[in-house]
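Undergrad: Submitted below is the structure of interest, expressed as structure tokens.
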Amino acid sequence: MEKVCLELENIEVSYLDRLVLKIPRLAVHQFDRIGIAGKNGSGKSTLLKLMSGQIKPVKGYVKNDADFAYFDQLAAPAESDADYKLAGKLSIPHSGVEHLSGGEQTRLKLAQIFSSYHQGLLFDEPTSHLDEDGTQFFIEELTYYYGALVLVSHDRYVLDQLVTKIWEIEDGCVTEYSGNYSDYTAQKELQRKQQQEQHEKYIKEKNRLLKAAEEKMKKAEKITQANGHISKKETKAKANKMFMTKSKDTSQKAVQRAAKAIEQRVQKLESVEAPKEEQTLRFPQHPALEMHNKYPIMADRITLKAGDRTLLKEASFQFPLGKTIAITGKNGSGKTTLLHHILNRGEGIILSPKAVMGAYEQMDYQFEKSETVMEYMREKSDYDERKIRSALHSMNFTGNDLKKDVCSLSGGEAIRLLLCQLFLGRYNVLVLDEPTNFLDVFCIEALERFLKAYEGTVLLVSHDKVFVERVADCVYAVEQEQLTLKKTRQQ
């Protein structure tokens, strides 16, 4: 039997009078490989901080019998050394922490954690800023790791490669599922289908009983009417046969009792709600924004540099109308620089005269004035309120969220709102730089539905392998100072 190295008992964690976590018991065993799933704000990072001792519960206790290292996605790297071989493998520059990019800081923090052995590892979004090579390094380091692993990640590929158990956090409660992330989604889909079947069965039985009750009541009414229409002659003839009338009254009451009994059975039926269905979204192009160029974005022998380093050398390309084009490549290869060059209509870039571009850039959200989420969206969209609410709901803005002041939104909420605004805005070309960073898996899947429903042209940069596979019609890579077409989706 595997040793329990971390245990949570009767835990309650609250924030501003809101119960964030309520856990009767959870245990991490010696060789567990656990992925934590849940929507933004559900308590994933809170659970990790609880396990690492960063925060204390209001009630209950955390018992830790092992040496756990904790990777915090938001913390700067510590002033500690990393194994020089790992630092070299991860291409970490020999410069001060303040001069490192987000991806380089993530690599340094990973090198520091992997430089010494720990009995347990707690990771909070470790691959957010990593390119494909960095992500692969992370997977390889942990594939044969001898200890307990607990991982919060929005990267479904990483979860599929590394975990054998999922803890789902919903409404403060944790539910455990066996298998990796794909197994978990398959189990959730099976639950959804079973709930749908149970709901249909409930509705069918309810309708059958209500129909039977209605028929019994009609029968009772007919008996009443028959009693009311007996002629005087018949009444006189039957004056001495009171038991016959009594029999009819008894029959009528019996039918009424049967109808009431059926109605009571309906009330006692265990109600089964229908599973929540995702609304089908469409973002049709406004006629005034329609373009007719076969290739609305083109480049003719462009050269891009970063200081003295050449990123692209005399690169040419044609991006097709109405498609989603993904640009991939290593950290620092020039992907974001290329997006900026296109957005700024730089030298060598040829755009359709009718191109109206909307852009999402990493962590770039500044709201100009104080207004509610709904007011912000109404002002920037020509769609009706129903469509706006539907899109916001898909991105997890529900109930009172629509009344929140945009200036008080968290970073994750701001990102989700900006993405909604872009898809509902007055644009025909969207440029998205790492749009899945800091989104939970549920919002990433909503973003995938947005892209499939969008009729404009989309240009995006992403290191999320599964996301790119699901949404991209064309995949390009920046390599050897050129932009190379790697894959085209077959129609």
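Readers should treat all values here as calculations from the given coordinates under stated rules, not as data from a laboratory. No experiment lies behind these values; they were computed from the predicted model shown. We place every Cβ from the backbone using ideal geometry, glycine too, and count neighbours over all the protein chains shown.
Undergrad: Report the trypsin sites (Lys or Arg not before Pro) located in segment 315-351 that are in a DSSP loop and have at most 12 other Cβ atoms inside 10 Å of their Cβ, or state none.
TA: ARG345
Undergrad: When every alpha-carbon pair in the chain is counted, what percent end up more than 28 Å apart?
TA: Numbers: 77568 of 120295 pairs.
Percent of Cα pairs beyond 28 Å in the chain: 64.
Undergrad: Mind giving me the FRET efficiency for ARG208 and ASP171? R0 is 35 Å, r the Cβ-Cβ distance, nearest 0.05 is fine.
TA: Details: r = 34 Å, r/R0 = 0.97.
After rounding to 0.05, the efficiency reads 0.55.
Undergrad: Quick query: amide H of SER14 versus all other amide H atoms, modeled in the peptide plane; which residues come in under 5 Å with a sequence gap of 5 or more or a different chain?
TA: For SER14, the qualifying residues are VAL20, VAL58.
Undergrad: Ok, one more. Quickly estimate the mean residue ellipticity at 222 nm for the chain, helices only: each DSSP H run with n ≥ 4 gives -39500 (n - 2.57), and the total goes over all residues, rounded to 500.
TA: My calculation for the chain gives -12500 deg cm²/dmol from helical runs alone.
Undergrad: Still on this structure: For segment 355-397, which chymotrypsin sites (Phe, Trp or Tyr not before Pro) pass both filters: DSSP loop (anything but H, G, I, E, B) and at most 16 other C-beta atoms within 10 Å?
TA: Loop-located and lightly packed - TYR365, PHE367.
Undergrad: Work through the residues other than LYS89 whose Cβ is under 12 Å from its Cβ and net out their charges, Lys, Arg +1 and Asp, Glu -1.
TA: -2
Undergrad: I need the helices of the chain that pass two filters: whole DSSP H segments spanning 15 Å or more by Cα along the axis, and mean Kyte-Doolittle score no lower than -1.0. List each step's numbers first, then the result.
TA: On the way: long enough: 102-114 (18 Å, -0.28); 132-143 (16 Å, -0.45); 181-228 (70 Å, -1.79); 242-268 (39 Å, -0.96); 411-424 (20 Å, 1.31); 441-453 (18 Å, 0.97).
Length and hydropathy pass: 102-114, 132-143, 242-268, 411-424, 441-453.
Undergrad: Please give me the summed charge of the neighbours of PRO126: other residues whose Cβ is under 11 Å from its Cβ, Lys and Arg +1, Asp and Glu -1.
TA: -3
Undergrad: Using a cut-off of 28 Å between alpha-carbon atoms, which lysines can reach LYS63, once sequence neighbours fewer than 8 places away in the same chain are excluded?
TA: In chain and number order, the partners are LYS3, LYS22, LYS39, LYS44, LYS49, LYS109, LYS165.
Undergrad: Please sort by residue number the GluC sites (Glu not before Pro) in segment 76-176 whose DSSP state is loop and whose Cβ has at most 11 other Cβ atoms within 10 Å.
TA: Those satisfying the criteria are GLU79.
Undergrad: Between the alpha-carbon centers of segment 413-473 and segment 89-106, tell me the distance in whole angstrom.
TA: Rounded to whole Å, the Cα centres lie 28 Å apart.
Undergrad: Can you list residues whose amide H is under 5 Å from ASP464's amide H, if they're 5+ apart or on another chain and H is modeled 1.01 Å from N?
TA: none
Undergrad: Treat every Asp and Glu Cβ in segment 287-488 as -1 and every Lys and Arg Cβ as +1, leave all other atoms uncharged, and give the resulting dipole magnitude about the Cα centre to the nearest 20 debye.
TA: Details: 26 positive and 28 negative charges, 89 e Å.
With Lys and Arg at +1 and Asp and Glu at -1, about 420 debye.
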